[in-house]
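The values are calculated or read from the model by the stated rules, or taken from the named source; none is laboratory data. What you are looking at is a predicted structure, and each value in this text was computed from that prediction instead of being measured. Here the Cβ positions follow ideal geometry from the backbone for every residue, glycine too, while neighbour counts run over all protein chains shown.
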């Protein structure tokens, strides 16, 4: 806890015994040196993935007016709104074309969307949402079409075959 300005402690505050040094263990496990870590593609056994779809939109006039007037000129007027949660079979996510078709079948209207999944994070929840890809759905002469414009981390998944 931060000390109030001018306050005096009655007794010493608790400190880590290894303060100022590198940690020997983290969450009960010994810490590896960076050169010892091998980043390999982890082979999973899941058949379905929990995914979120977020839609990109513009910030409302009222929302923009609530920002500090000095910061307001520098912020981007973009907000992402949660649209749906999907339990997707991994067979729909193996290639870029399949992902585009899968989102086109589910969403069925034009816009820009973020497909988000979950990672095995080292935080207290042991999970965190991560961006997988960005897909734009647009109108064309043939009807609605989808195009993946950015691939954030699909290469990490064992089922993704690439381009």
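Observations, loosely collected:
- Residue within segment 151-160 that is touching a helix residue (DSSP H, G or I) at 6+ places or on another chain (Cβ under 8 Å), exposed (fewer than 14 other Cβ atoms within 10 Å of the Cβ) and over 30 Å from residue 26 (Cα atoms) present: no
- Filter result for the condition that a residue is more than 26 Å from the chain's Cα centre (by Cα) and over 30 Å from residue 111 (Cβ atoms), over 61, 35, 42: 35
- Scanning segment 92-126 for residues that are more than 24 Å from residue 61 (Cβ to Cβ), without any contact (Cβ under 8 Å) to a residue 40 or more places away in the chain and surrounded by fewer than 16 Cβ atoms within 10 Å (Cβ to Cβ) turns up 97, 98, 105, 108, 119, 120, 121, 123, 124, 125, 126.
- Within segment 1-22, residues that are surrounded by 10 or more Cβ atoms within 10 Å (Cβ to Cβ) have Cβ atoms under 9 Å from residues that are assigned to a loop (DSSP other than H, G, I, E, B) in these pairs: 18/24, counting only partners at least 6 apart in sequence or on another chain.
Here is a yes/no grid of residues against (1) within 21 Å of residue 147 (Cβ to Cβ); (2) in contact with a helix residue (DSSP H, G or I) (Cβ under 9 Å, 6 or more places away or on another chain); (3) at pLDDT below 95:
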site	(1), (2), (3)
72	no, yes, yes
90	no, no, yes
95	yes, no, yes
107	yes, no, yes
110	yes, no, yes
121	no, no, yes
125	no, no, yes
128	no, no, yes
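- Candidate set: segment 27-36, residues that are without any contact (Cβ under 8 Å) to a residue 24 or more places away in the chain and under 22 Å from residue 124 (Cβ atoms); chosen: the one surrounded by the fewest Cβ atoms within 10 Å (Cβ to Cβ): 28
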